[in-house]
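J.: I'd like to ask you about the structure that follows.
Values in this text are rule-based calculations from the coordinates and carry no lab data. In this text, all values refer to a predicted model and were calculated from it rather than measured experimentally. Cβ placement follows ideal geometry from the backbone for every residue including glycine, while neighbour counts extend to all protein chains displayed.
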Amino acid sequence: MGTRHSREARPPSYVCLHDLEEKGSPMKLALVTIVTTNLEQMRTFYQAVLQIEPQIYRGNYIEFTLEAGTLALWRQSECAEYGLGVVRGAANDRVLIELEVADVDGEYARLKGLQVEWVQELTTQPWGHRAFYIRDPDGNVLNLHTAVEE
């Protein structure tokens, strides 16, 4: 017999993947938050890249609502006030922010007119994406891409 965790033996916050399957409620990624010391510069950058106004803008916190979730910006000093001092802005070198766009060639041409740091020029990748990579003001890497037919 396989080992199955009993509900009584687990702390309340522990969730077994088997339990999620039974309930039929997989997790939904709703929000990605970038902690930053450069909130206004980051707001300006993401407003220009995303071409939308923030839906929430309360001085220390900003949200951009996208089709598949929300991208938020949170001032590092306020983040620390809520006990999250371990989270530091401009310290990311492990995560890509990937944005699927309808016309990657058009976005490439548009963003060439803005002052952004280019990581990789527009290329067609072997896995079927036409993409380019840029950095936001905190150094986070964004991949803008469109799926292409092979």
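J.: Take every DSSP beta bridge whose two residues both sit in the range 93-150, then give the antiparallel share in percent to the nearest 5.
T.: 70
J.: Here is a follow-up. Loop-only trypsin sites (Lys or Arg not before Pro) in the range 83-143, please: DSSP not H, G, I, E or B, and at most 15 other Cβ atoms within 10 Å.
T.: Details: sites: R88, R94, R110, K112, R130, R135; in loops: R88, R94.
In loop regions of the range 83-143 (DSSP not H, G, I, E or B), the sparsely surrounded trypsin sites (Lys or Arg not before Pro) are R88, R94.
J.: Would you calculate the separation in nanometres between label points at E40 and V148, each defined as 7 Å from the Cα along the Cα-to-beta-carbon direction?
T.: Spacing of the two 7 Å Cα→Cβ label points: 4.1 nm.
J.: Compute the whole-percent fraction of alpha carbon pairs in the range 93-150 spaced more than 15 Å apart. Could the numbers behind the result be given before it?
T.: On the way: 749 of 1653 pairs.
Tail fraction, whole percent: 45.
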